[in-house]
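Undergrad: Right, I'll just put the structure down here and ask away after.
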């Protein structure tokens with residue numbers, strides 16, 4: 001394409017550099033490493049500038065604005081005195097949450113409306129230790145600058161520190177304070193590091209709580225998921241804790257797969273909250289596709305999804321055969337081919353029947369009917385993790401009942 005002509009050398013260099021980046025990073029700080037990184041940076045900046053120029057031009061052609069544009073144009077508009085005055089009169093107070101994630105542009109948007117904090121009508125909530133948006137230029141220096149300006153306002157400014165923990169038991173608070181006092185030592189402000197402030201426990205000392213460490217010898221090669229599940233079984237058997245007394249917190253979603261496999265293998269019931277997400281479960285996707293198709297028979301993607309799903313279990317080869325029919329939508333192709341194939345005829349009948357019933361049936365009843373008559377529910381009931389899957393179905397039916405009970409507005 002003409003858009004990328006003239007940058008073949010940069011593309012090739014950057015692709016090679018990315019492949020070798022791990023070895024470059026592992027090299028200690030020395031002249032050769034710095035030279036390689038400097039060359040890489042120069043090439044990368046050159047390519048980025050060209051890509052950004054092309055991206056900007058494409059946005060102009062299509063009259064698009066991205067998130068960064070919204071901020072930049074808002075700042076530009078707020079540089080006009082009449083706009084500042086008009087908005088300042090309308091906005092009696094301004095409240096900002098997660099202030100530690102504020103970047104320079106956002107700061108410059110808000111400050112003109114506050115007369116540089118002299119009006120005393122700003123309320124912010126933030127925690128420096130929770131700053132996680134440095135990748136989009138969030139700066140803790142702005143947090144500190146705002147805090148200092150509020151202090152300078154005297155009676156018009158008030159700083160309220162909230163170190164109290166209403167959730168953690170004394171034993172956990174003691175552990176956290178001892179550990180993180182050491183980890184937060186010698187904070188480097190240049191890297192957005194902050195000093196540690198001790199948590200204050202508000203719970204009664206009658207329940208101390210405790211911290212334990214699960215350690216595996218390297219030669220045993222026992223996975224973290226196995227260790228966790230074994231500990232749960234031990235506490236269940238020896239200390240008579242119920243399985244619903246336990247909660248496993250994961251830093252990343254990729255830990256869920258191993259944990260789920262171990263829980264299923266040991267026949268431990270579980271429910272996932274957050275993480276991959278309820279609406280990302282396969283069965284929820286399948287039901288969503290079915291309802292989407294019933295609502296719009298031209299939704300080819302939804303129809304393909306349910307034809308491959310346990311509702312009908314068509315193979316890729318069968319779907320390909322349907323796709324060759326000379327019709328506009330995939331449903332029309334399916335109907336056309338069903339006149340020649342008995343298997344497809346029963347599928348079309350089931351789909352048309354549910355399309356018709358959907359006009360008069362409640363949403364929960366429709367979902368239940370689809371799952372029962374297609375055999376999907378029976379299939380789920382025989383899976384290893386059937387309890388979790390069935391709980392997901394019941395949760396969806398509950399959401400559907402709640403939705404159906406609400407009046408249209």
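Each reported figure results from applying straightforward, stated rules to the coordinates on display, with no laboratory input. Here the structure is a predicted model, which means the values were calculated and not measured. In this analysis, Cβ positions are derived from the backbone assuming ideal geometry, glycine residues included, and neighbour counts consider all displayed protein chains.
Undergrad: Run lengths n ≥ 4 of DSSP H only: what is the helix-derived mean residue ellipticity at 222 nm for the chain, with -39500 (n - 2.57) per run over all residues, to the nearest 500?
TA: Result for the chain, helices only: -17000 deg cm²/dmol.
Undergrad: Let me ask you something else. Under the definition of Cα pairs under 8 Å and six or more residues apart, what whole-number percent is the relative contact order of the chain?
TA: For the chain, the relative contact order is 7 percent.
Undergrad: Another question, then. Please arrange 317, 303, 114 by how many other C-beta atoms lie within 10 Å of their C-beta, fewest to most.
TA: Neighbour counts put them in this order, fewest first: 317, 114, 303.
Undergrad: Tell me, in nm to one decimal, what length is gained between residue 321 and residue 336 on full extension, where the rule is 0.36 nm per residue of separation less the Cα-Cα distance?
TA: In short, 4.2 nm is gained.
Undergrad: If you find the alpha carbon centre of region 130-185 and of region 325-378, how far apart are they in angstrom?
TA: One Cα centre to the other: 57 Å.
Undergrad: Divide the volume of the convex hull of the Cα atoms of the chain by its number of residues and quote the answer in cubic angstrom per residue.
TA: 305 Å³
Undergrad: Just from the alpha-carbon atoms, what are the Rg and Dmax of region 172-301 in angstroms?
TA: Rg, Dmax (Cα atoms, Å): 21.5, 63.
Undergrad: Just rank 290, 279, fewest to most, by other beta-carbon atoms within 10 angstrom.
TA: 279, 290
Undergrad: Report relative contact order for region 278-405 in percent, whole number only (criteria: Cα-Cα under 8 Å, sequence separation at least 6).
TA: Relative CO of region 278-405 lands at 22 percent.
Undergrad: What is the Cα centroid distance between region 68-85 and region 194-242, reported in whole angstrom?
TA: 51 Å
Undergrad: What ranking of 95, 111 emerges when the number of other C-beta atoms within 10 Å of each C-beta is taken as an exposure proxy, fewest first? Write out the running numbers ahead of the final one.
TA: Values: 95 10, 111 17.
The most exposed by this proxy come first: 95, 111.
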